[in-house]
Amino acid sequence: MSYQQREPPILAKLCSLLVEETYGELAARVFSVLARHGRQTLAGLARESYLTGRQIKPGLVVLIQQHLVFHSALDPRVTYYEIDWQQSYALVRHGKILKMAEDRFGRKAANVLSNMLTFGHTRLADLKEAYFPSPEKPPSDSAEGHLNGTGIASAEVDSVNGSSGKINGNTDALTNGAAFVNGASAKLHTTADLAKKGKGKAAAEQGNDDVDMMDAEVVEEEGDPNKIQSVGDLYEIINRLGKAGWVIKVDPDQYLSPGDFHALVRQQAYDSIWTDEQAPTGTKDHALWDSRTREMKRQVRDEWYQPPKFDTRKRKPTDQDNDRSSKRQRLNGAFAPADCSMNGDTSPHINPVDDDLNLRVNFDKIGVALRTEQMTRFVEGRLGYTTSQVYRTMLCILEEHIPRCYEPWPDPPSDPKDVALNNHVDDKFLVSAREVAHKIGREFDLFDGLDPHEVVLVMGRSEVKQNHHIKPPLDPVSASLDERTRLVSCHIRLLANDPFHFATWHSRGGANAGGGRYCVEFDEIAKATIQLEIENTVAARKGRIGVKLVRALKKNGKLDERQACNVMMTTANDIREIVNEMTVQGFVQTQEIPRVDRREAKLSLHLIWYDRQRAREKLLHDTYKGMVRIVQRLSFEKEKIHELLRKAERSDVVGNETKYLRKEELDALKKWKEVEAMLLLQLFREDDLVSTLRDFIGPLVSV
Amino acid sequence: MASSNDGMPPAAEASSDTPAVKAELPSNERPSPAPNVPVPAAQPAPRPHDAKRAELLYEKCAEAPAGTLFFQRDLSNMDVAENMGELVNLIQELSDRHMMKLLTFENEACWKIRTRQEAESLRLMTGDERLIYQMIDAEQTRGVWSQSVRARTGQTIGAINKILKGLETKGLVQSVLSVKHPNRRMYLLKHLRPAEDIAGGPWQTDGEFDQALIEVVSKLVEQEIRRQTCIEVPAGYNAYTPEDRVEAIARKKARLQAVQDIEDAPAIKPYRPPRQHGRSNYVYKSSRTYPTPETICEFVTNKNVIKDRTITAEDVDQLLDMMVLEGRLEKVSGLGYRVPLALLERGSYNGFVDAPCGICPVFDICADDGEISARTCVYFGEWLQTESELIL
Ligand code: SF4
């Protein structure tokens, strides 16, 4: 079973809470039954949940639509349902993802993405319908095609299709809060409105209202550059998200749980090499089988991750048309009015885009972006703001060619020795100072964070006078590209010299590289940051001495008390208590090795040791638990002012709060907002920690 | 360290450094003569005037700097004995009176004299005491573990401990706990300073790390390394302020955005003043050389904070390694060290431990509901300044 599918009960708890928060109680009930009992059939679900099939189905549909549940119809007689933990956990990240999308692709793209996150996966036609409803087509129609389009053959699901409609999972507190925390500017209007309106959680009958609402918005905000103006605009955005890998096609196989997927591919791998008569024998054959399985898994997956090509099935020529027109649009820097009118026409004859295409958000690729943001923040803490922005630019350039943080099915299993010997790095994983200098905004003061002497040296003018003042002052903005390249080089050198080796020099890379080309050893950095987070946790709990102990053990392996004292240059009394407490917390382990037959403890060797992978899992587990407590506290706080919130949300009160609410009520509301912001901010920070601990590298071999 | 010994010159006493000089282990009988010294078959008893000549020989030896090794040829060159046989007798005489001890140097026999005082106390000892004393003496600064005394003498540990105690109270030997083997008590002569194997380096006193000393030195080292690797750049170090700066930025931004291709890398976040005003900033020096254990050792030695001990680069290395563990230094490019900039001040650790649960003492027993839960939690109450549910 895949590493990521190994869920501790606490994760189940957390995800159930997230599902409840986002999709309401019914979905949450089905979810928690699945969480508790694992893989189930519909009948099994009914048995375990005391719910009837009729009650379960709508809940299940929500979960499936959101890709929170895998389902396998490999066996034609019965369908199994199983939770997708990665996807379920990702509910907590929606806000963060939208923020990143806005930074990278602009507001409009964030808006589209927000709809995709809200609807799970989306048929292109439905998305178009949502933004630009055609009057003659009632939206409930499309819902049918919607689920059908995924090619799900399951009878159970089909039977509920009609009633499912669009699922307006409201982007509740979680997403909203994210926007709130990230600054009001990030508040996505659609999201906010959906949240307000879409309270009917797993309810089915929201489709109409919603579209109307969006329609109204379009009218209201016409002319806003952040507003999607036309269907062409929309397709352009989707195309861009697809090219960047943020949005991928939906494929029925994606609904297979890792176990089912494995079984399926393994069988295919078998069939591709052996026949029934000639079965594999011996370890060599099995190794071949394994590696073929991994290879085929990668193939299948890479196929999913091909940027969705619009209209591959129907009209080749128009495809090119589309390409050309989008190029022209780009050159113009804005959409020409002609395009608008053309694309605005939703008639299928002119529309070049395949309406039946089903799209979903690709969390793998988004994980890479999350990693970029986290590493940037990390570098900011160590080397300062400007250097961190140079780094971010480097990482963003590299992102294009990195489909995921790490390969779960590597082939051959990476042997560290081989990697060391063969340091060939593909050109697309290299980045030069020159590229960064090109890409990084002019507004950055690249002098910042550098030794003024170095700045003066690069600029070839001015001098450093006493107290490190540059005289006469230099204008950072007017530096030439060459100068900027050299300044960027200085920042990259800082990154490379750091003990974390944020960048690694690779080759000179010719005249155009400007100071050589660098690669980023993500795996090593990921390991180091995991270690650092463990140390941070220990530091907060036990102070400097605890960190010292962990590092001493990490560096020297198993130590007895005296040896540990020697390395740490401290006395036994100082560490004894710490060792005990940290053992209880699960960050270090102790071991007793008897030296006499009677196993007298006094004569035994008592060793202390530290295992990074163990500590990592422990901290991850604790962090999940911390998040559970925050979500629980959040709902407790909300419960306390439930009545007031209801009142404040009444349509006559909204906008007229001062008129209808008393001063105490207003104060209480304000306080609640603060509390919510504090709790959510902390929740998202804990999620950052989860990324670092879980998502950037696979299981580590114990030291 | 050898120089600080009470008058013992380095060559012989610091035997741990010069393992070539080996003490001949005493046996239960009279000290045996050197292997390559011809011993007359029948030893005549020392005649009275031999005692005087022995005295003379001792005096002559004592003229040499203390701790000198005397080989047979040196002693015969002193012109005290008539012939080889007599010299052997004289040496035997002095050995019997504990005024001389036998050693070997590169497999050749040699002798060293003891002070009269030491000889006197040896004379007053019982045979067992003397034997053990000699064993301790033979190990010099390395010291002897009581268990190995037992192994070699075959006596009970009780008896040996009694003797060792006795020697200790007489002020002849001292005991220290070994650093390497913490439960071993090592014995060595009173006037010697224990070797590093047992007592640890200059950072230890009586087997314990001298925290005060370590703190003083590491502070100094940290400051020095900071001075060498970082510079503090004042807030307005580059006082460049074109009048239309804001406008220029806006213009440039507008231009950039206009031409930005959609396949371009993501837009970069908007400008933010890199420094807080009025606050200086540490940056790393651009020089590529970093302080090493050697240069820091020199610095510490010149600072003269460590009294009557010399420290070596290895000692400093140990200290620097420890400071790396503490996060006060970090290792760069192989041998060099620098100060992490991030150190300056930290208010937060990570998302988990900055929330109440991360450092909660009852974290492990906190449950979804019940007496200890998020609803009843006092820590959340304190943090959020809200009321928690009361436990009834
Ligand atoms: S909710 Fe309160 S009691 Fe429970 S672990 Fe968190 S801080 Fe501790």
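Ignoring ligands, DNA and RNA, please state the percent of accessible area on segment A:524-610 from carbon and sulfur, probe 1.4 Å. Display every interim value, and only then the final one.
Values: 1900 of 4060 Å².
Of all accessible area on segment A:524-610, carbon and sulfur atoms account for 47 percent.
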Residues of segment A:459-491 buried by at least 10 Å² on assembly (accessible area, 1.4 Å probe, chain alone as reference): A:N467, A:H468, A:H469, A:I470, A:P473, A:L474, A:D475, A:P476, A:V477
- prompt: Taking a probe of 1.4 angstrom, what is the accessible area of B:T169 in Å², to the nearest 10?
  reply: 120
task: Would you mind checking the pairs A:K548/B:K331; B:K170/B:K307; A:K542/B:K331; A:K527/A:K618 and listing those with alpha carbons more than 18 angstrom apart?
output: B:K170/B:K307; A:K542/B:K331
field: Phi-based couplings in Hz for segment A:622-636 (Karplus 6.51, -1.76, 1.60; Gly and Pro marked x)
entry: 4, 5, 4, 5, x, 5, 4, 5, 5, 4, 5, 5, 4, 6, 5
Heavy atoms of A:S604: accessible area, 1.4 Å probe, square angstrom to 10: 10
- prompt: Given A:K465/B:K285; A:K108/A:K439; A:K99/A:K647, which pairs have Cα atoms separated by over 27 Å?
  reply: A:K99/A:K647
- line: A:H286 and A:D482 label points (each 7 Å along its Cα→Cβ direction) are spaced in nm at 6.4
- request: Calculate one ³J(HN,Hα) per residue across segment B:94-103 by plugging θ = phi - 60° into the Karplus curve 6.51 cos²θ - 1.76 cosθ + 1.60, and present them in order as whole Hz with x for glycine and proline.
  value: 5, 5, 4, 8, 6, 8, 9, 10, 8, 9
- request: Could you list, in their original order, any pairs among A:K284/A:K554; A:K554/A:K602; A:K284/A:K558 whose Cα atoms are separated by more than 30 Å?
  value: A:K284/A:K554; A:K284/A:K558
message: Check which residues have an amide H placed less than 5 Å from A:Y518's amide H, if you skip close sequence neighbours.
response: A:V431, A:S432, A:H506
message: Can you give the FRET efficiency to the nearest 0.05 for B:R123 and B:T205, using r as the Cβ-Cβ distance and R₀ = 41 Å?
response: 0.75
- prompt: Ranked by accessible surface with a 1.4 Å probe, highest first, in what order do A:R442, B:R150 come?
  reply: B:R150, A:R442
- line: Residues whose built amide H sits under 5 Å from the amide H of B:Q204, excluding neighbours closer than 5 in sequence, are B:D210
- request: Provide the per residue accessible area, probe 1.4 Å, for segment A:566-686, rounded to a whole number of square angstrom.
  value: 52
message: Rolling a 1.4 angstrom probe over the protein chains, ignoring ligands and nucleic acids, what is the accessible area of B:T301 in square angstrom, nearest 10?
response: 70
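Please list, by residue number, every one of the GluC sites (Glu not before Pro) in segment B:106-156 that is coil in DSSP and has at most 15 other beta-carbon atoms within 10 Å.
Those that pass, being in a loop and sparsely packed, are B:E106.
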field: Extension gain from B:A51 to B:K219, taking 0.36 nm per residue of separation minus the Cα-Cα distance
entry: 54.4 nm
Other-chain or far-sequence residues with amide H under 5 Å of B:N281's (modelled H): B:V233
statement: Ordering B:K307, A:K284, A:K99, B:K101 by the accessible surface of their heavy atoms, 1.4 Å probe, largest first, yields A:K284, B:K307, A:K99, B:K101
- prompt: How big is the B-A contact in terms of buried accessible area, both chains counted, 1.4 Å probe, rounded to the nearest 100 Å²?
  reply: 7900
- prompt: When only the heavy atoms of the protein chains count and the probe is 1.4 Å, how do A:W505, A:W409, A:W672 rank by accessible area, highest first?
  reply: A:W505, A:W409, A:W672
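The values are calculated or read from the model by the stated rules, or taken from the named source; none is laboratory data. Everything quoted here is computed from the prediction, not taken from an experiment. Here Cβ is always computed from backbone atoms with ideal geometry, including for glycine, and neighbour counts include all displayed protein chains. What goes into the accessible areas is simple: the full protein's heavy atoms, side chains included, and nothing from ligands, DNA or RNA. Shrake-Rupley method; radii C 1.70, N 1.55, O 1.52, S 1.80 Å.
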